[in-house]
Structures are given as C-alpha cells and as structure tokens.
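Remarks on the structure that follows.
Bear in mind that the values in this text are calculations on the coordinates, not laboratory data. All values reported here derive from a predicted model rather than from experimental measurement. Reconstructed Cβ throughout: ideal geometry from the backbone, glycine too, with neighbour counts over all protein chains shown.
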Amino acid sequence: MLQGLLILLCLAFTQAYPSPDPSLAAFLSDVNQQLSVIYDQEQLAFLQNELHGPNDLVALLQAELAHEKLLKYLGSISKRVAKFKRLRLGDALQRRQLQRMPQLGYEALSGAEVVQIYELAANMSDSYQNVQLCAYKQPLNCTLRLIPDVQRVVQQSRNLEEIEYYWLEWRRRTGLATRQQFVHFMELYKKTAKANGFSQAQDYWFHQLELSGQQAMGLLNELMSKLEPLFLQFHAHVRGSLRKMHGEQLVPHGRAYPQHLAEVFLGNSYRSASADWFVDIPSPEAGLPNITEALQRRGLSTTQRVFWNVAEYYRGLGLTQLESSLWTNAQPVASHNEDSCWHKAWRFYTLPTNNFSYCPLSDEERFFNMFEAQLELHYFRAAAAQPTLLREEPFPNFMNALGKSFALAAASPRYLRKLGLLRDAEWSGLPARLNRLYLQGLRVVFLLPVFYVLDRYRVEVLSGHIMADDNEAYWRHTERYTGAVPPRRRSNEHFDVPAKLLLEVDDQYTSQFFSTVLQFQLYKYFCTRTGQYAEDSANKPLDLCDLSDQREIGTILKHTMSLGSSLHYKEVLQQLLGTAELSMDGLLTYFKPLQDWLTQQNRDNGLEVGWLPN
Ligand SMILES: *[C@@H]1O[C@H](CO)[C@@H](O)[C@H](O)[C@H]1NC(C)=O
Ligand SMILES: *[C@@H]1O[C@H](CO)[C@@H](O)[C@H](O)[C@H]1NC(C)=O
Ligand SMILES: *[C@@H]1O[C@H](CO)[C@@H](O)[C@H](O)[C@H]1NC(C)=O
Ligand SMILES: *[C@@H]1O[C@H](CO)[C@@H](O)[C@H](O)[C@H]1NC(C)=O
C-alpha cells in the first residue's frame with residue numbers, strides 16, 4: 001500500500017517536473033541528425049523532379065531510395081523509441097519529439113500486403129490519370145483524358161445529353177472499374193491502422209491532425225452546421241440560376257439540383273468564364289475582376305519582378321528581407337502546363353539554405369500564388385529553429401492556410417489599388433465587391449461540403465458503419481450535405497465514390513477543410529488586430545482589408561512559425577489567436593455582404609431555400 005503510494009507520488013513528481021533525460025537527449029540528437037540527411041536526399045530528388053519532371057525517372061528513383069532508407073532507419077530505432085515512450089522519460093520537448101517520430105504507415109503491414117496496398121493505390125491513381133473516354137457520339141474518337149479534355153468539353157457544352165453522357169462515362173470508367181480495388185484497399189487500410197498501433201481505424205485516418213476520429217468528426221460536424229445558413233442561401237440561388245438555364249423539369253422546386261449541371265456551373269468559377277455566363281451574378285455590368293493585363297501595364301510582367309514585389313510586401317509586415325541569391329539561384333519548373341505550374345519553396349534540413357522554383361507564367365493566379373510560396377520560405381526559416389522532428393507544420397496544410405490568408409489580403413481591392421493595378425474606386429463599390437465575393441464563394445463555399453462527404457464516407461467505412469462500396473450511402477450524404485443528386489437513379493450496382501477521389505484514394509480532405517477555415521479565421525484576426533477591419537464600420541469591411549505595411553503582424557507570424565510542430569495545433573492556435581479552436585466565423589464574416597445579398601435575392605425572387613430528400 002505504502003509502496004503503491006510512493007510509486008504514485010514518484011509518478012506525480014516526474015509528471016509535474018519533467019526534466020531532460022541525458023540518454024534520451026543523445027538518442028534524439030542522433031535521430032534528428034540521421035533524419036535530416038535522409039530528408040535532404042528526398043527533398044533534392046523532389047526538387048529535381050519538379051525542375052525536370054513531371055516524371056523524371058532518375059529523380060523518382062532517388063526519392064524511392066531515400067524513402068527506403070528512411071523505413072530501414074525507422075525500423076532500426078523502433079524498439080528504442082518504444083522503450084523511451086514506455087518509460088515516460090524526458091521533458092516536454094523530448095517527449096514531443098518521440099510523439100512526432102514518423103510512422104511506418106503502410107510499411108507496417110506484412111510484406112505481401114505492403115506490395116498490394118501500394119499497387120492498389122497506384123492502380124486507382126493510374127486509372128484516373130490514364131482513362132480515355134470516347135467523345136460524345138464519336139465512337140472512333142476515343143482518346144479523351146478526364147483532365148483536361150473531358151473537363152474542357154463539359155465546361156463549354158450547352159448540350160445536356162452530352163454533359164450527362166460524360167458524367168456517366170466518367171463514373172463507369174473510374175468508379176465502377178475500381179470498385180473491387182477500393183474495397184480491398186479499405187480493408188488493407190484498416191489493417192494498416194492496427195499495425196501502426198491504432199485500435200480504431202478512424203483514429204488513424206486523422207492521426208496527422210492529432211485528433212481522434214470522434215473529435216475530428218465532431219469538429220467537422222460543428223463547422224458544417226455553422227456553414228449551413230450561408231450554404232443554403234447560396235445553393236438556393238445557384239439552383240435558381242440552373243433552373244433559368246435548364247428549365248423546371250430538370251431543376252425541380254424544393255429538390256436537390258442535378259450534380260452534373262451544378263458541376264459545370266461551379267467549375268466555371270475556376271475558368272475564364274465571362275460575367276454573363278453566370279446568369280444571376282450580382283452586377284453583370286460591373287464585370288469580373290481580372291488584373292492580368294494591369295500586371296503587364298504596371299511592369300509586373302516577369303516572375304522576377306513579382307518575386308521582389310512580394311518580397312517587399314513581407315518585409316513591410318516586419319519579416320526579414322530575402323537575400324538576392326534566392327532569386328539568382330531560383331529555377332523555372334519544367335511544366336508549362338498552366339494548370340499545374342506553381343511557385344514553390346524548398347527547404348533542406350542539414351543546410352541553412354532554401355531553394356525556390358518558379359513558374360515563368362506571369363498572370364493573376366501566379367501573382368497571388370507568389371504570396372503563398374514566399375510565406376513558405378519564411379516558414380521554413382522560422383521553423384528551422386526546431387529539431388528536425390518538430391519542423392513540420394502543426395497539421396498538414398497549416399502553412400498553406402497562412403500563405404493563403406496573405407494571398408487573400410493581397411487580392412483585396414484596396415491593396416491592388418495601392419499597387420496601381422486597379423483604377424480608383426473600380427472595385428470598392430458594392431456591386432463589384434459582390435461580384436468578387438460571388439465568384440470566390442462559388443469556389444470556397446461549395447467545396448467544403450464535398451470534402452466533408454468524402455472524408456465522412458471513408459471514416460464510416462473504416463469504423464464499420466457502412467460497407468466500403470455502399471453507393472446508396474454515398475448518395476444519401478451527397479444529397480444531404482451538398483444538395484446534389486445524380487442525373488439518373490444510382491443504386492448499389494453502381495459505384496461512384498472513387499470518381500470524386502481525384503488522384504489519391506487515401507488523401508485525407510479534412511486538413512484541407514480545416515486549412516480553408518483557418519485561412520479566413522487568420523485573415524479576420526490580422527485585420528481586426530491591425531484595425532483594418534471593424535465590425536460595424538461600413539468603410540472597413542473584411543473583404544477590403546489591406547494588411548500591407550502592418551509591421552506588428554511579422555512579430556506574431558515569426559513566433560507562430562518558429563513553433564513548428566513542437567506543440568499540438570490547438571496550443572499553436574491558442575498562442576496565435578488567443579483561442580484554441582478552429583472557427584467558421586472568419587469565413588462567415590468575409591462572405592456576410594454576399595449572404596445578405598443572396599438572402600434578399602432569394603426572397604425577392606421567391607426562390608425556395610433547402611430541399612426535401614428525393
Ligand atoms: C492493378 O492493375 C493491373 C492492370 O490493370 C492488374 O493486372 C492488377 O491485378 C491490379 N492490381 C491489383 C492489386 O488489383
Ligand atoms: C475528338 O473529340 C473532341 C471532343 O469533342 C474534339 O475536340 C476533337 O477535335 C475530336 N478529335 C477528332 C480527331 O475528331
Ligand atoms: C484575364 O485576362 C487575361 C488577359 O486579358 C485572359 O487571358 C485570362 O483568361 C483572364 N482570366 C480570367 C480568369 O478571366
Ligand atoms: C539551390 O540553392 C543553392 C544556393 O543556396 C544553389 O547553389 C543550388 O544550385 C540550388 N539548387 C537547385 C537545384 O536549384
């Protein structure tokens with residue numbers, strides 16, 4: 001009894017005053033060193049692939065070798081890691097490093113199963129990339145790729161039969177064709193979870209977020225319900241537009257809209273569709289924002305000029321100046337395909353340097369992308385203060401949320417006017433602002449529910465709630481949360497889930513969902529803090545907030561970024577925002593003028609809001 005009490009006291013003592021452990025310190029120092037060498041090998045290979053790619057065989061082989069080295073190394077230290085964890089030695093930082101030790105992932109499966117799961121994932125991804133469809137009513141023209149060929153045809157088509165034909169073919173050739181592989185993959189994924197020490201596969205699904213399945217789904221559900229009022233008004237309005245375009249028969253009152261028609265409509269918000277394409281845009285005469293020509297006119301006509309312009313922006317926020325060698329060493333990426341050409345920062349773990357690869361295109365998208373890419377540079381530099389094990393972001397896409405919040409700030413009409421890219425008052429009037437919010441909203445507000453459904457579906461499969469190929473369950477969720485139904489009745493004879501899973505069957509979308517939410521939350525926070533947004537001021541709405549030259553932001557940013565993943569993301573948020581929770585509030589504030597407009601329009605035009613189940 002007394003002995004028990006003593007042990008308890010001792011435990012309490014070590015818990016309350018954890019101190020660094022010398023043997024653990026030596027071990028971790030070695031691990032950090034070894035990992036940094038392996039990571040650099042991997043990074044160099046990825047950089048080569050980016051520069052020469054997209055599928056540079058030498059680079060891919062190098063990456064593969066580095067990955068094998070990593071697995072071998074992790075295998076060699078796994079017993080000691082487990083022992084240190086069990087002994088609960090060390091201080092908080094040391095324990096955190098043990099906690100953030102890379103997982104074996106699929107490699108924890110048995111030999112034959114490892115081969116299988118990789119093959120399945122690769123097969124599904126290949127089938128997505130390599131499938132070729134026959135063109136509508138052209139049985140001899142059968143070399144259309146899904147992206148970009150089919151996408152392009154459908155985006156521009158006004159022929160409903162043609163659109164439906166491609167919708168059905170797409171699903172038949174991707175979804176149905178990979179049904180057995182998907183089922184098999186999910187089985188192996190469950191085993192992977194167990195092999196990595198997770199008794200619940202849904203917990204493994206979210207492990208990179210350091211949330212349990214229950215916590216993550218709870219948070220997602222809460223965020224979805226906050227989004228719902230805006231989503232419902234927006235959905236009602238888009239349904240009204242679709243009805244105008246396609247008639248009552250295809251877009252009936254009080255029902256979810258047909259997915260194939262909605263996809264064309266929403267997809268056009270990413271392309272260069274003109275204002276009159278969107279039949280009910282808030283102000284057709286105000287047009288849509290496009291600064292591509294102004295960039296040329298103002299001399300921001302090369303990537304180099306843009307690079308230094310954006311570097312100056314971040315310096316104005318109080319971040320350190322970038323050295324000129326960064327640009328002189330920067331290299332153009334191989335791909336001149338506009339859809340996949342982006343600027344990117346590269347970090348190395350053993351060296352105190354970074355590299356930069358850039359896209360030679362100089363247009364609006366690449367301009368805003370530069371704000372994201374340079375934030376990465378600053379992030380890598382700040383996080384280099386941490387040991388290798390803690391240099392990653394607190395959750396995947398966290399860094400992206402930071403970068404995107406500044407891209408959002410840079411797209412503010414107030415800032416663009418300051419750069420001379422917009423003429424005076426060209427974009428600050430309400431009609432033009434509403435057009436801009438409308439287009440941004442089509443991209444953001446309709447995407448979150450799709451992410452939600454895809455993760456929820458797979459989580460329910462993992463928890464054993466539904467079968468892996470329960471197509472009807474998939475459509476129930478799709479109808480309930482995205483307000484869309486298939487053009488024809490779908491049953492369990494069909495299988496449509498993989499058709500939406502883009503390239504990676506195991507891509508977890510929740511971190512992208514969170515990242516989008518956080519992007520707006522951060523923007524609102526920075527704007528409030530610097531007085532550029534004020535709740536009740538008509539002159540300072542969030543969508544006009546310009547953060548340029550707000551130097552105090554740099555201090556906050558540097559601190560946040562220097563934390564790396566040394567703390568749980570909630571603690572990072574707590575230090576950054578004064579709250580540990582992700583909140584939809586920023587996004588809702590940003591789109592508030594649009595939501596008001598949509599609500600009024602729906603009322604004035606007698607458009608029904610919401611839908612009854614089919
Ligand atoms: C992957 O695809 C190939 C060719 O289509 C097929 O032969 C193979 O069985 C597939 N692998 C698995 C694990 O299903
Ligand atoms: C095949 O169909 C696509 C889509 O309709 C069309 O753009 C292309 O020109 C056609 N190719 C041939 C060789 O007819
Ligand atoms: C913007 O304008 C440029 C040149 O005027 C044009 O090529 C591009 O397609 C436009 N982009 C969008 C998204 O409208
Ligand atoms: C990366 O940057 C270094 C200087 O920091 C330079 O010497 C090197 O050539 C660059 N490498 C690539 C592949 O761009």
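Before moving on, here are some points about what is shown:
- Annotation: Cα Rg of region 244-392 relative to the compact-globule expectation 2.2 N^0.38 Å equals 1.42.
- The separation of region 556-577 from region 147-194, counted between C-alpha centres, amounts to 39 Å.
- Dipole-positive endmost among His237, Ala432, Phe591 within the chain (Cβ charges, Cα centre): Phe591
- In this label model, Ser19 and Gln132 are separated by 7.1 nm, measuring between points 7 Å along each Cα→Cβ vector.
- Taking all Cα-Cα distances within region 14-102, those exceeding 21 Å account for 43%.
- Label point 7 Å beyond Cα of Ala26 along Cβ direction - residues of region 58-98 with amide nitrogen under 16 Å: 80-81, 84, 90
- Förster radius 60 Å - calculated FRET efficiency between Glu248 and Val37, Cβ distance, rounded to 0.05: 0.35
- Geometric descriptor of region 137-237, per residue, is 163 Å³ (volume of the convex hull of the Cα atoms).
- Computed over the Cα atoms of region 452-499, the ratio of the radius of gyration to the Kirkwood radius (Rg/Rh) comes to 0.93.
- In this Cβ point-charge picture (+1 for Lys and Arg, -1 for Asp and Glu), the chain has a dipole of about 680 debye about its Cα centre.
- Across all directions, the shadow cast by the convex hull of the chain built on its C-alpha atoms averages 30.6 square nanometres.
- Other-chain or far-sequence residues with amide H under 5 Å of Glu426's (modelled H): none
- Region 68-125: radius of gyration and largest Cα-Cα distance (Dmax), Å: 14.8, 45
- Selection from Ser127, Ala63, Tyr106, by position along the positive dipole direction of region 28-151 (Cβ): Tyr106
- Sum of side-chain charges, Lys226 neighbourhood, beta-carbon under 12 Å (Lys, Arg +1; Asp, Glu -1): -4
- The Rg/Rh ratio for region 164-288, using Cα coordinates for both the radius of gyration and the Kirkwood hydrodynamic radius, is 1.10.
- Distance between modelled label sites at Arg172 and Val81, nm, 7 Å Cα→Cβ extension: 4.7 nm
- Stretched out straight at 0.36 nm per residue, the stretch from Glu581 to Ser125 would grow longer than its current Cα-Cα span by 160.7 nm.
- Applying a DSSP loop filter and a limit of 15 other Cβ atoms within 10 Å to the chymotrypsin sites (Phe, Trp or Tyr not before Pro) in region 191-293 leaves Tyr270.
- Theoretical FRET efficiency, 1/(1+(r/R0)^6), r = Cβ-Cβ of Ser225 and Ala92, R0 35 Å, to 0.05: 0.50
- Glu293 paired with Leu51, simple spin-label distance in nm, labels 7 Å along Cα-to-beta-carbon: 3.8 nm
- Note on the chain: antiparallel DSSP beta bridges, both residues inside, total approximately 60 percent of the bridges counted.
- Rounded to whole Å, the principal axis extents of the Cα atoms in region 312-446 read 52, 32, 31, largest first.
- A DSSP coil position with no more than 15 other Cβ atoms inside 10 Å describes the following trypsin sites (Lys or Arg not before Pro) in region 364-428: Arg423.
- Taking the number of Cβ atoms within 10 Å of each Cβ as an exposure proxy, the fewest-first ranking of Arg433, Arg96 is Arg96, Arg433.
- Cβ-placed point charges (K, R +1; D, E -1), dipole of region 14-102 about Cα centre in debye, nearest 20: 780 debye
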